[in-house]
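A short write-up of the structure that comes next.
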Ligand SMILES: C[N+](C)(C)CCCC[C@H](N)C(=O)O
Ligand SMILES: O=C(O)CCC(=O)C(=O)O
Ligand SMILES: [Fe+2]
């Protein structure tokens with residue numbers, strides 16, 4: 001392991017440098033001489049001791065150093081995940097969690113969250129079919145993200161809002177709120193009523209499809225990570241005037257390790273492409289077509305019929321959803337949740353997140 005002297009001074013866990021009650025640094029890093037070198041260095045079986053020119057002593061447990069050295073770190077930020085197509089997901093036989101165990105036991109909640117982190121979708125069963133009970137469920141794993149659609153939303157095909165979701169039409173696979181600078185992390189769906197036919201929900205793992213593009217055509221994958229796009233929500237119905245714009249590429253990757261963390265895919269809400277020069281536009285359409293072909297492969301489609309009592313949580317940064325057209329009266333409720341706070345709950349339960 002190699003350590004930089006400024007790093008060793010900066011991470012000093014002595015009482016004057018670090019507050020263990022708040023887990024916050026007290027040391028002003030800018031006051032450390034960038035050429036600092038310890039006066040003396042000593043190491044025994046468990047501890048490294050450094051004495052700095054001003055006499056301050058820093059102690060490091062060797063285990064702590066192993067855990068935190070650059071060499072010891074994987075640069076992966078994302079939690080483990082299993083990319084799936086319909087067969088992989090069905091073979092895995094991921095169980096739904098029972099509502100009571102989800103609400104009343106940490107084991108039930110942990111099992112649910114583990115599945116959600118791995119697959120980007122998870123179900124809770126035997127939920128009382130009301131908006132209030134769905135809200136209680138949602139609040140168990142995260143914080144509700146209030147948006148222009150409200151806190152808990154509740155909708156039928158009444159076109160009360162200027163969006164296709166509020167009709168009986170089919171909706172092709174997409175992620176929601178692509179027109180936010182930070183798209184909502186999680187979407188909760190609970191069908192409270194459906195007297196009619198059709199209306200099944202479609203789920204597709206966007207990360208699985210993106211991985212296929214990376215394997216087949218890495219230059220197209222790269223283009224989808226580089227070209228900025230606008231998505232837009234323009235609504236002008238009685239009482240609702242909204243104009244939201246979000247900018248970002250289809251595939252969002254971490255620049256330090258190319259790990260994919262967010263897919264923004266909504267062909268309905270994609271705005272005019274005016275951020276890209278002429279010669280790139282055509283290549284972008286070709287790359288977008290390759291991704292769309294993967295997303296549309298029937299073997300990648302998971303179809304489920306949402307019924308009263310069965311709540312679905314979808315990772316909106318990863319899994320695309322859609323629906324079949326339907327007839328009759330259909331009532332869906334749900335909400336958006338923040339991702340950070342779901343991860344917070346997962347960590348509290350001891351999961352790697
Ligand atoms: C009905 N509900 C509130 C869930 C959302 C409707 C949002 C629809 C929008 N086209 C989008 O994809 O973001
Ligand atoms: O009606 C549905 O099942 C889903 C509609 C939809 O895409 C949404 O509400 O975000
Ligand atoms: Fe949607």
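The values are calculated or read from the model by the stated rules, or taken from the named source; none is laboratory data. The structure presented is a predicted model; accordingly, all values stated were derived computationally and were not measured. Note: ideal-geometry Cβ built from the backbone for every residue, glycine included; neighbour counts use all protein chains shown.
Quick look at the numbers
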quantity	calculated
Filtered residues of segment 304-326 (kept if touching a strand residue (DSSP E or B) at 6+ places or on another chain (Cβ under 6 Å) and over 22 Å from residue 136 (Cα atoms))	304, 317, 319, 320, 321, 322, 323, 324, 325, 326
Exclusive hit being in the same structural domain as residue 298 (by TED's automatic domain parsing), more than 24 Å from the chain's Cα centre (by Cα) and surrounded by fewer than 16 Cβ atoms within 10 Å (Cβ to Cβ), set 130, 46, 51	130
Which listed residue, of 133, 158, is farther than 16 Å from residue 346 by Cβ and within 16 Å of ligand 1 (Cβ to nearest atom)	158
Residue within segment 165-179 that is closer than 18 Å to residue 238 by Cα, within 12 Å of ligand 3 (Cβ to nearest atom) and either out of contact with any helix residue (DSSP H, G or I) (no Cβ under 8 Å at 6 or more places or on another chain) or without any contact (Cβ under 8 Å) to a residue 60 or more places away in the chain (or both) present	yes
Filter result for the condition that a residue is more than 10 Å from ligand 2 (Cβ to nearest atom), over 24 Å from residue 104 (Cβ atoms), in the same structural domain as residue 295 (by TED's automatic domain parsing) and at pLDDT 95 or above, over 147, 167	147
Condition check for residue 176: under 22 Å from the mean Cα position of the chain (by Cα), within 15 Å of ligand 2 (Cβ to nearest atom), modelled with pLDDT of 95 or more and buried (at least 16 other Cβ atoms within 10 Å of the Cβ)	yes
Check on residue 185, within 11 Å of ligand 2 (Cβ to nearest atom) and surrounded by 15 or more Cβ atoms within 10 Å (Cβ to Cβ)	no
Residue check, residue 223 assigned by TED's automatic domain parsing to the domain that holds residue 283, touching a helix residue (DSSP H, G or I) at 6+ places or on another chain (Cβ under 7 Å), surrounded by 15 or more Cβ atoms within 10 Å (Cβ to Cβ) and free of Cβ contacts under 8 Å to residues at least 12 places away in the same chain	no
Count of segment 300-338 residues which are buried (at least 18 other Cβ atoms within 10 Å of the Cβ), under 21 Å from the mean Cα position of the chain (by Cα) and away from ligand 1 (no atom under 16 Å from the Cβ)	2
Residue 235 within 11 Å of ligand 1 (Cβ to nearest atom), within 27 Å of residue 292 (Cα to Cα) and surrounded by fewer than 16 Cβ atoms within 10 Å (Cβ to Cβ)	yes
Hits in segment 260-289 - residues which are under 25 Å from the mean Cα position of the chain (by Cα), surrounded by fewer than 18 Cβ atoms within 10 Å (Cβ to Cβ) and not in a helix (DSSP H, G or I)	261, 267, 268, 271
Single condition residue 117 does not satisfy, out of (1) surrounded by fewer than 16 Cβ atoms within 10 Å (Cβ to Cβ); (2) within 24 Å of the chain's Cα centre (by Cα); (3) away from ligand 3 (no atom under 16 Å from the Cβ)	(1)
Single condition residue 103 does not satisfy, out of (1) more than 30 Å from residue 256 (Cβ to Cβ); (2) in contact with a helix residue (DSSP H, G or I) (Cβ under 7 Å, 6 or more places away or on another chain); (3) not assigned by TED's automatic domain parsing to the domain that holds residue 136	(3)
Residues (more than 16 Å from ligand 3 (Cβ to nearest atom) and farther than 24 Å from residue 98 by Cβ) located in segment 298-353	298, 299, 300, 327, 328, 329, 338, 339, 340, 352
Residues located in segment 231-258, provided they are part of a loop (DSSP other than H, G, I, E, B) and modelled with pLDDT under 95	238, 239, 254, 255, 256, 257, 258
Sole exception among (1) assigned to a helix (DSSP H, G or I); (2) modelled with pLDDT under 95 for residue 219, by number	(2)
Flag if residue 192 is within 16 Å of ligand 1 (Cβ to nearest atom), in the same structural domain as residue 277 (by TED's automatic domain parsing) and buried (at least 19 other Cβ atoms within 10 Å of the Cβ)	yes
